[in-house]
Amino acid sequence: MNCSISGEVPEEPVVSTKSGLLYEKRLIERHISDYGKCPVTGEALTMDDIVPVKTGKIVKPRSLTAASIPGMLGMFQNEWDALMLSNFALEQQLHTARQELSHALYQHDAACRVIARLKKERDEARSFLAQAERQAPFPASAATANVSALSNGKRAAESEDMGPGGKRMRPGVSDSVIAELTECNAALSQQRKKRQIPPTLAPIDALERYTQLSSHPLHKTNKPGITSIDINLSKDVVATGGVDSSAVLFDRTSGEILSTLSGHSKKVTSVKFVVQNDVFLSGSADKTVRIWQGSEDGKYDCRHILKDHTAEVQAVTVHATNNYFVTASLDTTWCFYDLSSGLCLTQVEDPSNSMGYTSAAFHPDGLILGTGTTGATVRIWDVKSRGNVANFDGHTGAVTAISFSENGYFLATAAHDGVKLWDLRKLKNFRSFELYDQDTPTNSVDFDHSGSYLAIAGSDIRVYQVGSVKAEWNCIKTLPDLSGTGKATCVKFGPDAKYLAVGSMDRNLRIFGLPEGDDASTES
């Protein structure tokens, strides 16, 4: 009698009282513990239903195949054959798995190619849509008499603006615009002669006690980094541009975020306030500049998207009239725009220059434009003629920042090798600050609105008292970079130098100034 499970003669036979079937005891016990039912009939079965069968002690006879050498050799041969068959089956399964994996990888590669093609078609469709939007007729702004039709702030169709050589035609800077710039320059120059340092300016001993007052996480954690800062001095609102492709407007007084401006597809490289009409500008590595219009509810809407550059826009600077602004790009050009219409009046390209622009700033009087290049040269332009009137050499590495002093005489430029000060009257360098080691560039430089202090940002933040060509420029205060990144990217003075706004390669805006108690004692 054989076991109903193994088919062999059981060593400890037991029988089921329900089905009457014979089993090996150890096999049926394991099956009942796992499944709780009869392996043959499927009926519920417990060990109480199992009865042992009494048998005599017998010696199991040796099988005939193991009783002789030829039989054992045959048995070994059968086992070897079974092993070979099993090995062959495994190789077949491996071959099948490899084919399936190869097919899956091919499908994945094909899917990636399809996705890339669809993205390309999507981008082309968006481009065609933008061109179609530009073709829609819209009345030209009164700011420029010879402006072609506009559509939602975007230029008219490229076919209407193209000139010889495939270059886009620009309306140019008209005589009325030049007259406006000249009149503004004359008025500001006259005011500068009577300029006095305001009594509300923070004194030197106050700056010596500056410390971090607050830290505000304004940008995303997955793409940290603040690349640019600007301050609306009249409203005490700080704007930051981030690596996360957004610009944030922050009310320093209340400590609240007023608005987060999204729309750029790459990092925001430059932000600027236009005080009149509540307008805000942002330039980006996505080659575009956006003009944002504020509303009464505090929100900002994108009024124009400017796409005149073919490489990253590195700098945006606003003219003193608040009616025009300039953008500088790595495509070796800078553009002069009319703010109200968003129209590029002229795009300046010097055939002798192959260096892209990394920074730009207007002189306080508005008729001089300074640009920094990737080739360590500072280029000075006459805005009226758009001619390059001077070049300042001597830096090492790209010129990361430019700042004109309010006195109209001094220009500070920052690059990999530190900061250089230039006398615009004699067009020469009169002082250099080599602040950090060779691996640490100087990222930002900024004169305060009175022209009394100069702030420099690199691996830390340093504040200097402005001297003269011969007098020393003394370091008043050195503030550590508390971001832990060792890279302060931008710095800006607040109203009357009462605080410093600092951005670093983390997502926090830091405010340095006097604590409230020290502020009260200083005022008294």
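Observations on the model:
- Multiplying the residue separation of Thr96 and Glu8 by 0.36 nm and subtracting their alpha-carbon distance yields 28.0 nm.
- Heavy-atom accessible surface of the chain: percent carbon and sulfur, 1.4 Å: 52
- Anisotropy class assigned to region 391-468 is oblate, per the alpha carbon gyration tensor with a/c at or over the 1.5 cut-off and a/b no larger than b/c.
- Most tightly packed first, judged by the mean number of other beta-carbon atoms within 10 Å of their residues, the peptides 258-266, 78-86, 346-354, 282-290 read 282-290, 258-266, 346-354, 78-86.
- Accessible area per residue for the chain, computed on protein heavy atoms with a 1.4 Å probe, is 52 Å².
- Cα gyration tensor shape of region 189-293, rounded if a/c is under 1.5, else prolate or oblate by comparing a/b with b/c: oblate
- Normalised by the number of residues in the chain, the average gap of Cα pairs under 8 Å and 6 or more apart makes the relative contact order 10 percent.
- Packing-based ranking of 413-420, 458-465, 432-439 yields 413-420, 458-465, 432-439, ordered from highest to lowest mean Cβ neighbour count within 10 Å.
- In degrees, nearest ten, helix 25-35 long axis to first principal axis of the chain (Cα): 40
- Ellipticity at 222 nm from helices only: DSSP H runs of n ≥ 4 in the chain, each -39500 (n - 2.57), divided by the residue count, give -7500 deg cm²/dmol.
- Estimated at 0.36 nm per residue, the fully extended path between Val389 and Ala44 surpasses their Cα-Cα distance by 114.0 nm.
- DSSP-loop GluC sites (Glu not before Pro) across region 251-336, with at most 10 other Cβ within 10 angstrom: Glu296
- Values [x] 1.37; [y] 1.15; [z] 1.03 are given for comparison; Rg/Rh (Cα atoms, Kirkwood Rh), derived from the coordinates here, is the one labelled [x].
- Under the simplified labelling scheme, the Asp175-Met75 pair shows an inter-label distance of 11.9 nm, with each label point 7 Å from Cα along Cα→Cβ.
- Counting only lysines at least 8 places from Lys299 when in the same chain, those with an alpha carbon closer than 16 Å to its own are Lys235.
The values are calculated or read from the model by the stated rules, or taken from the named source; none is laboratory data. Since we're looking at a predicted model, the values are computed, not measured. Cβ: placed from backbone, ideal geometry, glycine included. Neighbour counts: every protein chain shown. Areas reflect the complete protein model, heavy atoms only, side chains present, ligands, DNA and RNA absent. Shrake-Rupley method; radii C 1.70, N 1.55, O 1.52, S 1.80 Å.
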